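Q: What follows is a structure written as structure tokens; I'll ask about it next.
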Amino acid sequence: MIHSIPTMAILEIFYAPGKLFASLENRKAAWLAPLLLGALFLALTTWGVLHYIGMETVMRQQLESTRLTPEQMQVAMNRANSPGQVYATYAGTVIVGILSVLLIAGLLTVFALMGSKQPKFGTNFSAVALALFPYRVVICLMTLLVLVASPDRTTLDVTNLLATNVGAFMNKETTSRSLYTLLSQLDVLSFAEIALMSYGFSKVNRTSLGFGLFSVISLWIIYVFIRVGLSALF
């Protein structure tokens with residue numbers, strides 16, 4: 001009876017992830033609770049940033065690293081505090097968060113085709129949603145803690161609030177954009193997430209943990225190269 005309740009998977013991911021991942025094939029809609037609650041924590045993180053730092057400061061920091069003209073920057077700043085911009089920020093955060101789960105699950109299902117067991121997208125989707133949930137909870141709580149405890153929030157870098165990556169210890173002004181972006185991806189929390197997702201992949205697709213690590217790390221490397229490339233171009 002317990003395994004038929006999707007919300008129980010939220011608790012099991014913290015204390016019995018192996019058992020949970022191995023049972024996902026027999027659980028219906030196990031993705032629902034972690035997907036919705038994960039999106040909620042993303043929205044809460046965004047609320048914390050906008051509430052304590054402010055949309056205008058967030059926008060200014062983002063525009064400083066672009067190649068917009070002063071006139072274009074002023075137009076963007078004028079729209080910063082409009083209700084439409086704020087709502088669009090919340091909506092964009094939630095939509096991207098949900099689409100990222102779909103994309104990762106789809107790509108990992110393709111990797112799973114190389115294994116001996118025929119993969120199921122639904123099972124991989126549940127595994128990814130569950131594996132990402134603890135990461136989003138920790139990010140949210142740590143971000144809110146930093147925002148509340150900071151004596152001067154205007155000095156915080158909204159693109160790198162948590163000092164859990166190498167980039168946080170570099171001088172952003174003197175380090176090239178591409179190198180800073182690369183170093184910012186070398187993150188302890190991201191590595192922990194990679195380990196959990198790889199473990200989940202190996203359980204639901206009946207592969208070795210090594211192949212799970214290979215699959216997830218391959219996607220992470222592609223993601224990092226895309227981020228570095230975009231930072232160099234824009």
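Q: What net charge do the residues around F21 carry, taking every other residue with its C-beta under 14 Å from that of F21, with Lys and Arg at +1 and Asp and Glu at -1? Let's see the in-between values first.
A: Numbers: positive: K19, R27, K117, K120, K203, R206; negative: E12, E25.
Once positives and negatives cancel, what remains is +4.
Q: Additional query: Using 0.36 nm per residue, how much length does the chain from V75 to Y15 gain when fully extended, once their Cα-Cα distance is taken away?
A: Numbers: separation 60, 0.36 × 60 = 21.60 nm, distance 4.95 nm.
The span from V75 to Y15 would gain 16.6 nm if fully extended.
Q: When you take every Cα atom in the range 150-221, what is the radius of gyration, and what is Dmax, the widest Cα pair distance, in Å?
A: 16.0, 50
Q: Another question, if that's okay. State, as an integer percentage, the relative contact order of the range 72-201 based on alpha-carbon contacts under 8 Å between residues 6 or more apart.
A: 21 percent
Q: Among V86, G106, V75, which residue has its Cα positioned farthest towards the positive end of the charge dipole of the chain, with +1 placed on the Cβ of Lys and Arg, -1 on the Cβ of Asp and Glu, and the dipole taken about the Cα centre?
A: So the residue we want is G106.
Q: Also, I was wondering about something else. So which DSSP H runs in the chain come out at 20 Å plus along the axis (Cα) with average Kyte-Doolittle of at least -0.5?
A: Working: long enough: 32-52 (30 Å, 1.60); 83-112 (44 Å, 1.71); 121-149 (42 Å, 1.89); 188-204 (24 Å, 1.18); 209-233 (36 Å, 1.98).
Qualifying helices: 32-52, 83-112, 121-149, 188-204, 209-233.
Q: Turning to a different aspect of this structure: Quick one: order K120, K19 from most to least accessible surface, probe 1.4 Å.
A: Correct descending sequence by accessible area is K19, K120.
Q: How large is the accessible surface per residue of the range 114-168, computed with a 1.4 Å probe and reported in Å² as a whole number?
A: 46 Å²
Q: Could you put K28, K203 in order of accessible surface area, largest first, with the 1.4 Å probe and the full protein assembly present?
A: Ranked list, largest accessible area first: K28, K203.
Q: Using a 1.4 Å probe and ignoring any ligands, DNA or RNA, find the accessible area of R60 and quote it in Å² to the nearest 10.
A: About 100 Å², ignoring ligands and nucleic acids.
Q: Could you sort R79, R153 by accessible area so the largest value comes first, with the probe set to 1.4 Å?
A: Putting R79, R153 in descending order of accessible area: R79, R153.
Q: What relative contact order, as a whole-number percentage, does the chain give when Cα pairs under 8 Å and 6 or more residues apart are counted?
A: For the chain, the relative contact order is 25 percent.
Q: Using a 1.4 Å probe over the heavy atoms of the protein chains, calculate the carbon and sulfur portion of the accessible area of the chain as a whole percent.
A: Of all accessible area on the chain, carbon and sulfur atoms account for 70 percent.
Q: Let me confirm the definition first: pairs of Lys residues in the chain, 8 or more apart or on different chains, C-alpha distance under 29 Å. How many are there?
A: Final tally of qualifying lysine pairs is 9.
The values are calculated or read from the model by the stated rules, or taken from the named source; none is laboratory data. Predicted model only: the values in this text are computed from it and were never measured. Counting neighbours? That spans all protein chains shown, and the Cβs are built from the backbone with ideal geometry, glycine included. Note: areas computed on protein heavy atoms with side chains; ligands, DNA, RNA excluded. Shrake-Rupley method; radii C 1.70, N 1.55, O 1.52, S 1.80 Å.
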